[in-house]
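The values are calculated or read from the model by the stated rules, or taken from the named source; none is laboratory data. A quick note: this is a predicted structure, and the numbers were derived from the prediction, not measured. Glycine gets a Cβ as well: all are built from the backbone with ideal geometry, and neighbour counts include every protein chain shown. These area figures cover heavy atoms from the full protein model, side chains too; ligands, DNA and RNA do not enter into them. Shrake-Rupley method; radii C 1.70, N 1.55, O 1.52, S 1.80 Å.
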Amino acid sequence: MGRLLVGSLVAAVAMFLIGFVFYGTPLFSNAYKTAPFETQMAVQDALKALPASGTYFIPMGADEAAMAAHRAGPTAMLRVNLQGSEMMDPIGMVKGFVHMVVSAFLLGLLLLRVAPKIWNFGERMAIVVTASLAVIVFSRLGEPIWFGADWPFTLYVAVVDLISLSVAGFILAKWFLPKSYPAG
């Protein structure tokens, strides 16, 4: 278990670096759209009228007026933080790193589970990629299907997730799992 914890930390460092490349550089600007600053400020002012932080569907309601407004568009799913935050919040970075350690640890647990039966590195990587794809397809690709999120941003994040999880799995499978198990 100690090797798995160390491996999870190493894998999380790699995931963090991958996150920096894809989210902390101008590459990320290819994944989203930016409104003119005046429009951003108008939307931000409108958000201040919301009663609390949370997720909002605009428009939403069961009456005909809301349904007609939804059909007419535009529609939005908003994740609102009324308190605001720093753009590059150090506490958020720490929370994100912990999230990566936990994710890598869970992936490592999966690998430990199959390691006694599958000790070939290529087959272990196939397990990592397949499990990662299953989670990503279900969780990420459901957003545009069910909630109207845009495909370019969703696919960008899904690809980054797949790269991050695959690299984490590579690190764990290559250096932090037993190479083989004794017969019996």
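Quick notes
- Lone unmet requirement of (1) open to solvent by 80 Å² or more (accessible area, probe 1.4 Å); (2) within 21 Å of Ala149 (Cα to Cα) for Leu47: (1)
- Filter pass, Val129 being buried (at least 16 other Cβ atoms within 10 Å of the Cβ) and in contact (Cβ under 8 Å) with a residue 40 or more places away in the chain: no
- Scanning region 58-75 for residues that are of a type in the set (A, V, I, L, M, F, W, C) and in contact (Cβ under 8 Å) with a residue 60 or more places away in the chain yields no hits at all.
- Here the condition is being in contact with a helix residue (DSSP H, G or I) (Cβ under 9 Å, 6 or more places away or on another chain) and either closer than 27 Å to Phe20 by Cα or basic (Lys, Arg) (or both); of Val160, Val114, it holds for Val160 alone.
- Test result for Ala115, surrounded by 14 or more Cβ atoms within 10 Å (Cβ to Cβ), over 20 Å from the mean Cα position of the chain (by Cα), farther than 27 Å from Phe176 by Cβ and among the small types (Gly, Ala, Ser): no
- From the list Ala42, Ala62, the one residue that fits, being loosely packed, with under 14 Cβ neighbours inside 10 Å, out of contact with any Leu (no Cβ under 7 Å at 6 or more places or on another chain) and under 19 Å from Phe147 (Cα atoms), is Ala62.
- None of Ala31, Ala12, Ala69 is in contact with a Phe, Trp or Tyr (Cβ under 7 Å, 6 or more places away or on another chain), within 22 Å of Ala149 (Cβ to Cβ), modelled with pLDDT of 95 or more and open to solvent by less than 90 Å² (accessible area, probe 1.4 Å) except Ala31.
- Checking each residue in region 141-151 for being out of contact with any strand residue (DSSP E or B) (no Cβ under 8 Å at 6 or more places or on another chain) and either open to solvent by less than 80 Å² (accessible area, probe 1.4 Å) or among the aromatic types (Phe, Trp, Tyr) (or both) picks out Leu141, Gly142, Glu143, Pro144, Trp146, Asp150, Trp151.
- Enumeration of residues in region 136-149 that are in contact (Cβ under 8 Å) with a residue 24 or more places away in the chain and either part of a helix (DSSP H, G or I) or among the charged types (D, E, K, R) (or both): Ile136, Phe147
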